[in-house]
Structure formats: C-alpha cells, structure tokens
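S.K.: Input: one structure, supplied below.
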Amino acid sequence: MNYYRESCPRAEEIIRQQVETLYYKHGNTAVSWLRNLFHDCVVKSCDASLLLETARGVESEQKSTRSFGMRNFKYVKTIKDALEKECPGTVSCADIVALSARDGIVMLKGPKIDMIKTGRRDSRGSYLRDVEALVPNHNDSLSSVLSNFNSIGIDVEATVALLGAHSVGRVHCVNLVHRLYPTIDPTLDPNYALYLKKRCPTPNPNPKEVLYSRNDPETPMVVDNMYYKNIIAHKGLLVIDDELATDPRTAPFVAKMAADNGYFHEQFSRAIRLLSETNPLTGDQGEIRKDCRYVN
C-alpha cells in the first residue's frame, strides 16, 4: 500500500485527476480502464503487457481477436505524461492500469476500492500467443471460465461478481448474432431477442461498423446489480450470462447479488483486488517504461 509515498507522493492523486478529466471529455474511457485491467491481468501477470504496441521485436496483444472492440489506449499516454512530468521514470504503466481501473469504477458509480496495492513493474515483452487461451471468449462455457479464474486465485463468488462488469459497456453484434440467427436461442427472453434483432439486423454484421447492444439497457454506464436482474430474466447478451444465472454453482450468488447491490459492490471490490494482484512483477523484475507503448 502507498508504494509511491516517498518517490512520488501525488501519483495516485494525479491518476485520479486524469481519469476524472478524461471521463468528462470521453465517458467511455472509464469502461476502457476496467476492461484493460481484466485483459492485462488474466494474461500471465498485471504487468501492462497489454499496452505494448508492435515494435522493436514485440508483437502487440492488441492484435488478438480477444482484444476486439478495445479502445482508448491513446489516453493511457495522457495519464503517463502527467506522471512523467511530476516524477520521471517512477510510476509503472502496470500501476496506471490498476489505479485507473479503480478510479474508473468510481466514475461509473461503482464502489470506491481503497485497498489497491501498488509497486508493480512493467513487462519487457508481450504474450500475444497466450491471449487466445487465457482471455475468455464470448461463447466459452461457464466451466471453462470458472477454471480460468480459479487458476489465478479467483473463487466462484468473486468470479460471479467480476462478471458484473458486464453491467457497463456493450457487445458488438459480431459476438451476438449466433444467438439470434438462423434461429433465436431458446434461453433468451423472446421479446428481448426481438429487440436484439433490431440492434443486429443481419446475421453477418460488418466488424468495422459500430453495430452493438448495451450490456445493460437500463443503466448502461453504471456498475450496479441490474446485470444480475437482467440475466435472471434471460436478458443477458452472452451465453455465459445465461449459464451464470442457471448453473447451480453460481445461481445462488447471482440471486443474492440481484437482491442486494451493497453485497454485489462488496464482492466486486474483493474480486477487483484479487485480479489486480495476479502475479505482479516486483523488485528488480521488469522495468518502469518511459512510454507505456514501448519497452525502454
């Protein structure tokens, strides 16, 4: 805790200020910070490998199909530049990923998570070849997802809470149409399926076009328990959303989170802390990148 207390006392304050400023200019950045944490930490380590661009012998993880729809990476540089001006070569990009997610969750009216540790260092390479195996796909089974999370120390209750991140953001029609065409997935609420067909009117959407549906039409930019209420009503966008609400391993947690937003926020906070502590590089491991897009 408070790793930068002496080396850069205002580090966390600067990150928070930048996240707030960016949110008021570009609201969807807050969702991006949350997604960045997930995509970075489930692939080997919370080490900012996700942020590396293809250059100097590095192949970017952003090239993976699992990174489809991710954006706002350019604004990470805005945060990093502000930190470099204050404390050159001190704050890691990996800590920016973790702390911007924490502060982004607050902007999305989610819980304020106080116990986020700092002191991570940045990787000197990427893990593009591992991304497909480690980042869950839109149509992966619940068993597969539970196993993946368990392997990095996230229990079933925390996994259910972490999937509550689907309360914000959107799903591109490319990842939805298999539930709508040629026939509607019988697990979907029929009226909701008709709404989704209006959002995704063709079985072959163009990936380059912005065709999508909000994860949560009621409160699309709020981290709250509406996600659980929706999936209990068979209004989840992804197959795993429906499985989460019906599988006996997870359904009791879903029901409890749907009934109690405070309990959801408590477990979501715990899950984010667990996720953010996945195999960090510390001490003399890795490096502190000058520019989050490139190794030094």
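The values are calculated or read from the model by the stated rules, or taken from the named source; none is laboratory data. The model shown is predicted, which means the values in this text are computed figures rather than measured ones. All Cβ positions, even for glycine, are placed from backbone atoms using ideal geometry, and neighbour counts span all protein chains on display. Only protein heavy atoms, including side chains, enter the accessible area calculation; ligands, DNA and RNA are left aside. Shrake-Rupley method; radii C 1.70, N 1.55, O 1.52, S 1.80 Å.
S.K.: What number of residues within region 262-284 satisfy the criterion of being surrounded by fewer than 18 Cβ atoms within 10 Å (Cβ to Cβ) and outside any loop (DSSP other than H, G, I, E, B)?
M.R.: Applying the first criterion (surrounded by fewer than 18 Cβ atoms within 10 Å (Cβ to Cβ)) to region 262-284 yields 262-263, 266, 273, 277, 279, 282-284.
Now restrict to residues that are outside any loop (DSSP other than H, G, I, E, B): 262-263, 266, 273.
Selection size over region 262-284: 4.
S.K.: Still on this structure: Does THR183 meet the test of being β-branched (Val, Ile, Thr) and open to solvent by 60 Å² or more (accessible area, probe 1.4 Å)? Show your work before the answer.
M.R.: Values: β-branched (Val, Ile, Thr): yes; open to solvent by 60 Å² or more (accessible area, probe 1.4 Å): yes.
When the stated conditions are applied, THR183 passes them.
S.K.: Further question on the same structure: Restricting to region 185-201, what's the tally of residues that are more than 25 Å from the chain's Cα centre (by Cα), assigned to a loop (DSSP other than H, G, I, E, B) and closer than 16 Å to ALA233 by Cβ?
M.R.: 4
S.K.: Suppose we filter GLY89, GLY104, GLY110 for residues that are surrounded by fewer than 16 Cβ atoms within 10 Å (Cβ to Cβ) and touching a residue at least 12 places away in the same chain (Cβ under 8 Å); which single one remains? First the steps, then the outcome.
M.R.: Working: GLY104 fails: surrounded by fewer than 16 Cβ atoms within 10 Å (Cβ to Cβ); GLY110 fails: surrounded by fewer than 16 Cβ atoms within 10 Å (Cβ to Cβ).
Being surrounded by fewer than 16 Cβ atoms within 10 Å (Cβ to Cβ) and touching a residue at least 12 places away in the same chain (Cβ under 8 Å) holds for just one of GLY89, GLY104, GLY110, which is GLY89.
S.K.: Within region 45-56, can one find any residue that is assigned to a loop (DSSP other than H, G, I, E, B) and over 28 Å from ILE152 (Cα atoms)?
M.R.: Yes, that holds for at least one residue.
S.K.: What are the residues in region 202-238 that are closer than 19 Å to PRO111 by Cα, among the aliphatic types (A, V, I, L, M) and assigned to a loop (DSSP other than H, G, I, E, B), if any?
M.R.: Within region 202-238, MET221, VAL222, VAL223 qualify.
S.K.: Within region 137-154, can you find the residues that are in contact (Cβ under 8 Å) with a residue 40 or more places away in the chain, surrounded by fewer than 20 Cβ atoms within 10 Å (Cβ to Cβ) and assigned to a loop (DSSP other than H, G, I, E, B)?
M.R.: ASN137, HIS138, ASN139, ASP140, SER141, ILE152, GLY153 - these are the residues of region 137-154 that are in contact (Cβ under 8 Å) with a residue 40 or more places away in the chain, surrounded by fewer than 20 Cβ atoms within 10 Å (Cβ to Cβ) and assigned to a loop (DSSP other than H, G, I, E, B).
S.K.: Please go through region 217-226 and pick out each residue that is open to solvent by 10 Å² or more (accessible area, probe 1.4 Å) and either in contact with a Leu (Cβ under 7 Å, 6 or more places away or on another chain) or touching a residue at least 60 places away in the same chain (Cβ under 8 Å) (or both). Please lay out each step first, then the result.
M.R.: Applying the first criterion (open to solvent by 10 Å² or more (accessible area, probe 1.4 Å)) to region 217-226 yields 217-222, 224-226.
Result: MET221, VAL222, ASP224, ASN225.
S.K.: Taking ARG10, is it basic (Lys, Arg), open to solvent by 10 Å² or more (accessible area, probe 1.4 Å) and within 13 Å of GLY125 (Cα to Cα)? Full working, then the answer.
M.R.: Details: basic (Lys, Arg): yes; open to solvent by 10 Å² or more (accessible area, probe 1.4 Å): yes; within 13 Å of GLY125 (Cα to Cα): no.
Here the answer is no, as ARG10 does not meet what is asked.
S.K.: Against the condition in contact with a strand residue (DSSP E or B) (Cβ under 6 Å, 6 or more places away or on another chain) and either within 26 Å of ILE272 (Cα to Cα) or loosely packed, with under 15 Cβ neighbours inside 10 Å (or both), how does ARG214 come out, does it pass? Give the steps one after another, and end with the answer.
M.R.: Working: in contact with a strand residue (DSSP E or B) (Cβ under 6 Å, 6 or more places away or on another chain): yes; either within 26 Å of ILE272 (Cα to Cα) or loosely packed, with under 15 Cβ neighbours inside 10 Å (or both): yes.
For ARG214, the condition - in contact with a strand residue (DSSP E or B) (Cβ under 6 Å, 6 or more places away or on another chain) and either within 26 Å of ILE272 (Cα to Cα) or loosely packed, with under 15 Cβ neighbours inside 10 Å (or both) - is met.
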